[in-house]
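What follows is calculated from the coordinates using simple rules that are stated; it is not laboratory data. What you see is a predicted model; the values in this text were computed from it and never measured. Glycine gets a Cβ as well: all are built from the backbone with ideal geometry, and neighbour counts include every protein chain shown.
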Amino acid sequence: MKNIPRITTAALLLPHAALAHPGHEQGQFLGGLSHPVGGADHLLAMVALGLLAAQYGGRGVWALPLTFVGSMIAGGLSGYAGLPFPGVEPMILASVVILGVLVAMAARPPLGVLLPGVALFGFAHGWAHGAEGPASGMIPYAAGFALMTIGLHLAGIGAGRLLQRGALLRGLGGSTALAGLALAFGG
């Protein structure tokens, strides 16, 4: 419980992090690995999705992350190809807020309702990764950002299972949603 205010405070003090994605100069694979952790928007959404998957349980534990990552790869290829995606940054920030709220509310909408939204969020995150990626070497770059995303989802699932659907887990969801709002309105 003590870390939630610190995390929220850090997110409120660093709203510019939503649009900052360093790491592309490290090479394709390492740049891909660093991209999801280089911006608070990506980091928060991907961990929140893992928290939601753990909280959802059952098929959701694998269906939510796989849907996100699969759509993210498709979005990455679209962004790399230069296809337009108007409003990608607001969509990414919305993913942070909405995923955080779902965790905070311990919501369990049917997977048939939840998965299309997760797919859209994954596509948006992927599009940003692809659009901001290197001019060449998209395959190792995409492998890097997909691998890191899976790792962040697994971290969220692990944390969610440790917290066992309790008040602390819902508090993390609420803090994530607040951090998303701070990123949206502070930057």
If I take R0 = 22 Å and measure r between the Cβ atoms of Ala135 and Ala155 in this structure, what FRET efficiency does the formula 1/(1 + (r/R0)^6) give, to the nearest 0.05? 0.10
From the Cα centre of the stretch 168-184 to that of the stretch 95-127, the distance in Å is 14
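Taking neighbour Cβ counts within 10 Å as the exposure measure, how do Val88, Val103 sort from fewest upward?
Least crowded to most crowded, the residues run Val88, Val103.
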Which of the listed residues, Leu172, Gly39, Ala135, is farthest toward the dipole's positive end in the chain, when Lys, Arg count +1 and Asp, Glu count -1 at the beta-carbon? Leu172
The chain: percent of C-alpha pairs farther apart than 19 Å? 53
Name the most mobile residue of Met46, Met148, Met72, meaning the one with the largest mean-square fluctuation, in a Gaussian network model of the chain with Cα contacts below 10 Å. Met148
Considering only Ser136, Ser95, Ser78, give the residue with the highest GNM mean-square fluctuation for the chain, with springs between Cα atoms whenever their separation is below 10 Å. Ser136
Rounded tilt (10° steps) of 60-80 against the dominant C-alpha axis of the chain: 30
Let me know the charge dipole size of the chain about its Cα centre in debye, to the nearest 20, where only the beta-carbon of Lys, Arg (+1) and Asp, Glu (-1) is charged. 740
